[in-house]
Amino acid sequence: MSLSRTDFGFRGRFRAMASPCELLIASCDERLALSLTQAAIKECQRLEQKYSRFLTGNWLWQLNHSAGAPVMLDSEAAALLQFAKRCWQLSEGLFDITAGPLLALWCFEKGKDSETSLPSSTDIKKALSWVGFQHLKFSSHFDDRAEDTSPQEITEPPWIMLPEAMQLDFGGLVKEYAADRVAELCMIRAAATEVLVNLGGDIAVSGKKCWQVGIEDPANLDRAAELMSLDVGALATSGDSRRFIEHQGRRFGHILDPRSGYPVQDAPHSVTVKAASCITAGMLATLAMLKGAEAEDFLKVQQLEHRIIR
């Protein structure tokens, strides 16, 4: 962690969820800035420890290895699963957190400079047999009461049964949820202080300051292609700028189509969406990527501010 002075206050930097993270804090109170940054780190570490599919023995690992036995859900996990179910329903199956077996086949974590082999069609077909939110079983408490897109609705913990060989992946939800949680914590701890939370490009704000946020240029990383103003709510970006593989001169982005098991064809390089919450913005950005050539038409219907870079 590092804390440095800026012309607007302080910048707290740290790393979490395999991403560079920062808090921009519009205050001259160094003790407050340090406290907010430490609270952000603690919350991000908590969520990563609980929901990362790359950690052995954590809550998600135990769920993914439960072999069909019922697993009780605390209110947070239940709410995130309710949100994931709603996303799956609204996207007609495109946004599916049960794609874990597919993601395990594609080695996007090796990095863009690594030439890697592609999974075989046989392995993909086998993995697809383990994908599908409709195969999950829940207790009667897990219903469709929440009609909006907030992961804060459920207060009665239900249970879930995950069929053997199925694996959940919260990668498309948790970093965005973490941005919302950190912004909420900043509001509780320092309601009069403007804070921008940036978790690897997933951004939420607390306070009334109007921030200018750069949208990364996929062709020139670490430089902004354009700016978006953000004074309330959040924005999230989905794209293939930093997570892709190359095979025999062809580029494959990390957004997988759960119907085919392959990366989405004709997807934009980058989609950024502005919404009331970061988890909602992230879902819509990812879903736009999943729409491929129809990304622009999809986001026009949503009537939310957005940017698409092809």
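The values are calculated or read from the model by the stated rules, or taken from the named source; none is laboratory data. Remember, it's a predicted structure, so these values are computed and weren't measured experimentally. For neighbour counting, all protein chains shown are included, and Cβ atoms are generated from backbone atoms with ideal geometry for every residue, glycine included. These area figures cover heavy atoms from the full protein model, side chains too; ligands, DNA and RNA do not enter into them. Shrake-Rupley method; radii C 1.70, N 1.55, O 1.52, S 1.80 Å.
In region 240-260, the residue that is surrounded by the fewest Cβ atoms within 10 Å (Cβ to Cβ) out of those that are at pLDDT 90 or above and either in a strand (DSSP E or B) or in contact with a Phe, Trp or Tyr (Cβ under 9 Å, 6 or more places away or on another chain) (or both) is P258. Quick check on my filter: what residues within region 286-309 are touching a Gly at 6+ places or on another chain (Cβ under 8 Å), closer than 14 Å to L94 by Cα and among the hydrophobic types (A, V, I, L, M, F, W, C)? Of everything in region 286-309, just one residue is touching a Gly at 6+ places or on another chain (Cβ under 8 Å), closer than 14 Å to L94 by Cα and among the hydrophobic types (A, V, I, L, M, F, W, C), namely M289. Taken over region 45-104, the criterion of being within 13 Å of D169 (Cα to Cα), among the aliphatic types (A, V, I, L, M), open to solvent by 20 Å² or more (accessible area, probe 1.4 Å) and part of a loop (DSSP other than H, G, I, E, B) is satisfied by L55 alone.
Quick one: would you say V273 is within 16 Å of the chain's Cα centre (by Cα), on the phi < 0 side of the Ramachandran plot and free of Cβ contacts under 8 Å to residues at least 40 places away in the same chain? Break it down into steps so the answer makes sense when it comes.
Details: within 16 Å of the chain's Cα centre (by Cα): yes; on the phi < 0 side of the Ramachandran plot: yes; free of Cβ contacts under 8 Å to residues at least 40 places away in the same chain: yes.
Against the criterion (within 16 Å of the chain's Cα centre (by Cα), on the phi < 0 side of the Ramachandran plot and free of Cβ contacts under 8 Å to residues at least 40 places away in the same chain), V273 qualifies.
In this structure, S277 does not qualify as within 18 Å of G201 (Cβ to Cβ) and in contact with a Lys or Arg (Cβ under 9 Å, 6 or more places away or on another chain).
Just one of the listed residues (L36, L23) is open to solvent by less than 20 Å² (accessible area, probe 1.4 Å) and assigned to a helix (DSSP H, G or I), namely L36.
One line per residue, one yes/no per condition, for (1) more than 24 Å from A104 (Cβ to Cβ); (2) small (G, A, S):
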site	(1), (2)
A190	yes, yes
D222	yes, no
S229	yes, yes
D257	no, no
D266	yes, no
G282	no, yes
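One residue stands out in region 195-209 among those that are modelled with pLDDT of 95 or more and in contact with a Ser or Thr (Cβ under 7 Å, 6 or more places away or on another chain): the one that is farthest from T237 (Cα to Cα), namely V195.
Of the residues making up region 39-69, those that are closer than 26 Å to L24 by Cβ, out of contact with any helix residue (DSSP H, G or I) (no Cβ under 7 Å at 6 or more places or on another chain) and not polar (S, T, N, Q) number 4. Restricting to region 283-310, give me the number of residues that are over 25 Å from Y262 (Cα atoms), of a type outside the set (A, V, I, L, M) and surrounded by fewer than 19 Cβ atoms within 10 Å (Cβ to Cβ). Total meeting the criteria: 4.
Kindly indicate which of T237, T280 is polar (S, T, N, Q), in contact with a strand residue (DSSP E or B) (Cβ under 9 Å, 6 or more places away or on another chain) and in a strand (DSSP E or B). Spell out how you get there, then give the answer.
Working: T280 fails: in a strand (DSSP E or B).
Within the list T237, T280, the selection yields T237.
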